[in-house]
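The values are calculated or read from the model by the stated rules, or taken from the named source; none is laboratory data. Quantities reported herein were computed from a predicted structural model and do not represent experimental measurements. Virtual Cβ from ideal backbone geometry, glycine too; neighbours counted across all protein chains shown. All accessible areas refer to the heavy atoms of the entire protein, side chains included, with ligands and DNA or RNA removed. Shrake-Rupley method; radii C 1.70, N 1.55, O 1.52, S 1.80 Å.
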Amino acid sequence: MSEMMGRSKDDTGKDRVSIQNRNGLKKAACGKEQKPNELEASHPPLEEEGEEQTGRKADSVISTFKQHLDKKQWCEASHLLINKEKNLFGNITEEEDLSYDKEEEQKLAADHEALEKLVMENVVETLSLSLQEVDDNNESVSAHASALTSAVKAIMQQEEQDQMWKARYPTVPSWRPSNWRKTHDTALHVLVRGRMDRPQTPTANQAEQSSFQTDVQNMGRQLNDDLLLVVKLVKSYYPPEMDICNFYAKLYHQVFSNRLKKIADFGLDDKDCAFLLRWVNEYYPSIFQKPELASEINVELLGKLLPQELLVPLEKQYLDNQEADLKTFIDQTVDDAVEKWKKGDEPEKEDDCYVSPVAYDIIQLINGMVKAAEVIVGDLHKAQEITRPISDSMQRYKDFQEDIIKQNKPNSTAFIKANLGCIKDFRDVLVNKSHLFQEEVQRSCLDVVTDMKQSAHTYLLSPVHKNLKTQYQKLGTKDWLNKNSSEKLLLSIEKELQELQGPNQSCYKELIGQLHQEVTEEYVRRLLKRNVKLKDKDRQQKAYETVIDDAESLHNLFKDMGSQDDWLKEILTKIAEVLRLQDIPAMQMQIAALGTAHPDLSEEHIAALLKLKNLKNQDRENITETGLETMKEIGVKPDARNFFSRVPLKSEDQATCFCYKIKSLCKF
C-alpha cells in the first residue's frame, strides 16, 4: 500500500513507527467517517503534538488506554487501539518475516476484548434510566448520554476497521472481524428479552386480574415505556442509518409476540381470550399511535401481534361466547315482561305514558356488545355475527304480543300501549344503526316489528271503529246530506281519542294518524256505496259542500290530536270537486289529478264515484277512459300515496267496471 505506515526495527527488535510517516498523519476528530478501502493511518495519535512520538514505551500506551476507560471515553480508547493495531500489523506481507511482537499482540487483543465488553455493557445500561429522569434531564441522563454517544462511535469505528481489513489478505489480527455491530444487536436482543421477562413497571389493580392478564399488562407497559425512552433519548445518539427506533421496536414486537403465541397455543378461558384479543387489536396498536412513537416507528413493518392462524380460533371462541350471552340476556328480558303480564301487573308509567324496559335494555346491550366486539376482533363484519340470535328473540317477542292480544286480559291494553314504544325503538335502531346487524338479521327483524306495529294498532283501534259504527252508517245517506249528521261522528271520534291515550307521545301520534286514515277510508267507502242519489246539480252542490266541511272538520280534529297526515284532507277535497263539476272535460282532469296523487285508484272506484252523479252511461265511460289515459300521460307524482286499495267496493261496481272493459275491447 502506497501510504501505509512505515515500519522499522531498533536494536532490541521492538517495533517503531517511522518519524517520517508519523509526521505525515492528518488529525481527525473521534468518530469521523473513514475511507474503508485501505488501511491508511487516518486515526491520529491521541497524545499532544509536542510530546515525544518515537520510542514510546508499551506501558505508556496502556496507561493512557486505562485513563480513557476510567472516563468512559470509549471512542478515544477505540481510536488508540486501532492506531496500535495499525502500527503492529500495518505493513506485514506474506514474504515478510512474521517475527513481530507476539506479546504486544496478546496485550492488544486483551485490551480489545475488555473495551468491547465495557462498550456493550454501556449500551445495555441505557434503558435502566426512567422516563421521569429523561424528562427532568438530570445529571445521570447527561452522563449516560455522553457515554452512549462514545460507545456508538466506537462501534462504528470498529465496523469501519473490519471493512478495511477485508481488503487485506496477509496477516490479519485474530480479533478481526470484530463484528461489534452484530454483538451490539445480539446484546440488545438479550436485553429486551430480559426486560420483558422481568417488567419493571407493574400495573395497578392487579388483584382484579388473572395472572395471565397481569403478565400481558406488565409486558405491554414495559414495551411502551422502553420505546418512549428510545425515542426520547437513545435515538439522538445513534446515526440515522442504524434506524435504532425501528430496530428496538422490532425486538420488542418479536419478544412480545412469541410470548403470546405460547400462551394462545396453550388455551385460554373466555375472559382471558377477550383480554388477549383486545390487546392484539386495540391496546397494542394504540401504543404506536402516540405522537412520539408514530413519527419514528413504522408499525406496518411490525405486523399483527399474533398470526392469523392463532387469531381465528380465538375470535370464534370470543364471538360464540358473546352471541350466547346476548341471546340469554334478551330471552331473560322478554321472560321478565311475560311474567309481569301473567301476574296481572300493569307496565310502569312515565308522564302518564305506559313504558316498558324491554327495548331499552336490549338495544343498549346490543349497541355496547357489538361496539366492544368490533374493537376486540378488529372487524365490524365479524362483530355483527353476535346479533344472529336476535331474529329468533324478536319472533319470541312477537309471539308474546300475540298472546296478549288473544287472551285480552284486563292489563293487555296497557301492555300493548307500552309495547308500541318498544316497537318504535326497535325499528329506529334497525334503520338508523343498521351497521350493528347482519343484513339478513336486520331484514328479518324489520318484518317482525312492522307486523307487531300493525297488530298493535289493529288491536287498539278495532274497539274504536266498533263504537263508531252507528255514526259510520249515516255517512253517504239522505240524513247525512240533509241533516249533516257528521257532527255526531266528530264528537264520538273525539271521545274515542281520549281512550287511546297511554302510549308515549310519538307512538300516540302514529296511532292517531292510523285512525285518521282508517276513518277517511271508511268515509270514502260509505260514500261510494251510493246510498244517496245526486240526481240534480243542487244536490250535487250540497254533497260537495258537505264533503268539504267534513274534510275540514276531520282534518282539524285529528291535527289537534297529533296527526300529521294532511294528505287525507286532499282526497276528500278532490272527490268533492268531482261531485260539484258539471263539465265533462273538467271532471276528466279532476279524476286524473286524483289518480296521479293516488296511483291505486282503480276503474272500479272511478265508476262508483261517477255513478253518484246523474250521468249518462256513455258520459261515465268517456270520463273514466279519458281520465285513465290522462293519468298515464301525466305519470305518478313523486309524493304519491296509496289509499284506494284499502277501500273495498260492492260486487256490482266491479261488474260495472267489467262491462266498461268489454265495451272498450269491442271498439277494436
Check: Let a ≥ b ≥ c be the square roots of the eigenvalues of the Cα gyration tensor of segment 281-326; is it rounded (a/c under 1.5), or, if not, prolate (a/b larger than b/c) or oblate?
Finding: oblate
Check: In sequence order, what are the phi-derived ³J(HN,Hα) couplings for segment 598-615 according to the Karplus relation 6.51 cos²θ - 1.76 cosθ + 1.60 with θ = phi - 60°, rounded to whole Hz, with x for glycine and proline?
Finding: 9, x, 8, 5, 9, 4, 4, 5, 5, 4, 5, 5, 6, 6, 5, 8, 7, 10
Next item on the list: Would you mind checking which residues have amide H under 5 Å from residue 643's amide H? H placed 1.01 Å from N; only 5 or more apart, or other chain.
Entry: 600
Next item on the list: Using only the alpha carbons, work out the radius of gyration and Dmax of segment 510-612 in angstrom.
Entry: 13.7, 41
Item checked: Cα-based reach from residue 533 at 13 Å (exclusive), listing aspartates and glutamates while leaving out same-chain residues under 8 positions away -> 479
Next item on the list: Whole number in Å², please: accessible area per residue of segment 503-644, 1.4 Å probe, ligands, DNA and RNA not counted.
Entry: 43 Å²
Item checked: Per-residue HN-Hα couplings for segment 290-306 [Karplus 6.51, -1.76, 1.60; θ = phi - 60°; Hz; x = Gly/Pro] -> 4, x, 5, 8, 4, 7, 10, 10, 8, 5, 5, 6, 6, x, 6, 5, 10
Check: Hey, which lysines would be in cross-link range of residue 433, C-alpha to C-alpha under 29 Å, not counting anything within fewer than 8 residues on its own chain?
Finding: 271, 316, 327, 349, 371, 382, 398, 417, 424, 453, 509
Notebook entry, point to check: Roughly speaking, what is the centre-to-centre gap between segment 265-335 and segment 575-630 when only Cα atoms are used, to the nearest Å?
Noted result: 67 Å
Margin query: At 1.4 Å probe size, what's the solvent-accessible area of residue 360? Round to the nearest 10 Å².
Written below: 140 Å²
Next item on the list: Would you mind getting me the FRET efficiency between residue 209 and residue 367? Use the beta-carbon distance for r and R0 = 35 Å, nearest 0.05.
Entry: 0.85
Next item on the list: Tell me the label-point distance for the pair residue 488, residue 312, using the 7 Å Cα-to-Cβ offset, in nm and rounded to one decimal.
Entry: 7.7 nm
Next item on the list: Quick one: dipole size for segment 318-475, taken about the Cα centre, charges +1 on Lys/Arg Cβ and -1 on Asp/Glu Cβ, in debye to the nearest 20.
Entry: 960 debye
Note to self: Take the residue pairs 153/235; 474/495; 474/537; 340/495; 406/469; 574/611 and return only those whose Cα atoms are more than 20 Å apart.
What the structure shows: 474/537; 340/495; 406/469
Next item on the list: State in Å² the accessible area per residue of segment 360-467; use a 1.4 Å probe, count heavy atoms of protein chains only, and round to the nearest integer.
Entry: 45 Å²
Notebook entry, point to check: Which order do peptides 179-191, 274-286 fall in by mean Cβ count within 10 Å, highest first?
Noted result: 274-286, 179-191
Checklist line | Net charge of neighbours whose Cβ lies under 10 Å from the Cβ of residue 467, counting Lys and Arg as +1 and Asp and Glu as -1 | finding: +1
Note to self: I need the Debye-formula profile for segment 212-319: one equal scatterer per C-alpha, no solvent, reported as log10 I(q)/I(0) at q = 0.11, 0.17, 0.19, 0.21 1/Å, two decimals.
What the structure shows: -0.36, -0.79, -0.94, -1.09
Check: Hey, which of these cross-link pairs are over 24 Å Cα-Cα: 72/182; 343/466; 616/637; 72/232?
Finding: 343/466; 616/637
Notebook entry, point to check: What order do 118, 227, 615 take when sorted by accessible area (1.4 Å probe), most exposed first?
Noted result: 118, 615, 227
Item checked: Whole-angstrom Cα spans of segment 498-544 along principal axes, big to small -> 49, 17, 15
